[in-house]
1. List the pairs from K34/K140; K115/K140; K52/K80; K34/K55 whose alpha-carbon separation is above 28 Å, in the order I gave them.
2. If R₀ is 22 angstrom, what is the calculated FRET efficiency for the pair L155 and A51, using the beta carbon separation as r and rounding to 0.05?
3. In terms of modelled amide H atoms, which long-range or inter-chain residues lie less than 5 Å from the amide H of F97?
4. For the stretch 68-99, run through the trypsin sites (Lys or Arg not before Pro) and keep only the ones in DSSP coil with at most 11 other Cβ atoms within 10 Å of their Cβ.
5. On full extension of the chain, what length is gained from E142 through E74, given 0.36 nm per residue of separation minus the C-alpha to C-alpha distance?
6. Around S122, which amide H atoms from residues at least 5 apart in sequence, or from another chain, sit under 5 Å from its own amide H, with H modelled in the peptide plane?
Amino acid sequence: MIDSKTLAQISSAQTTLNRETSQQANKRFGEDIKGVNEFIGALQSAQIVLAKILKIAQGCLYDAADLQQAKISESELTSKKSLATSEIASLVAEAQFLGTPLFDTNLSANINGTKQEICFTSPLSLAPDFHALSAYVQEKQEESMQLLLLLSEALSTPSNARFESVDSNALASMLKG
């Protein structure tokens, strides 16, 4: 038979264990939320840079009829495209979130049990073809917008959403370099 002193010790040990488990759960939850916030911040930062790149690229979309109507010579267009490529290169090089480059960096989070990933590959290789560059940028804008909408929906309906294994340490270390 267990005496009252032993029961008190067991109860005390269970309370301590429950408190530690609760503290660990709270810490993990905080880390997960931090990871999700960083993921959202990176996506939003990328959206801003992509919009700037798209505006620059669309300024170089001329066909033969457009050139005649705008009275732009081929050499002026070549010069304009060269300047645009330089501006895009500068934007890509400077695009960072928490000190980590946004381009050519994989971002990911597990949302509702599904790993969501995005990588903004530098569009510079497409720069000679501003139609392809514009299409790529628009595609990445849409992809990141869909991820933001998915996150918004998951955060606004927590009973149906689970942020499982948002590897906040890996995301934080990736974003910190």
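Values in this text are rule-based calculations from the coordinates and carry no lab data. The structure presented is a predicted model; accordingly, all values stated were derived computationally and were not measured. With ideal geometry, Cβ positions are generated from the backbone for all residues, glycine too; neighbour counts draw on all protein chains shown.
1. On the way: K34/K140 24 Å; K115/K140 18 Å; K52/K80 16 Å; K34/K55 32 Å.
Flagged as over cut-off: K34/K55.
2. 0.40
3. Placed amide hydrogens put L102 under 5 Å from F97.
4. Numbers: sites: K71, K80, K81; in loops: K71.
Qualifying residues, ordered by number: K71.
5. 21.2 nm
6. Long-range HN contacts for S122: D104.
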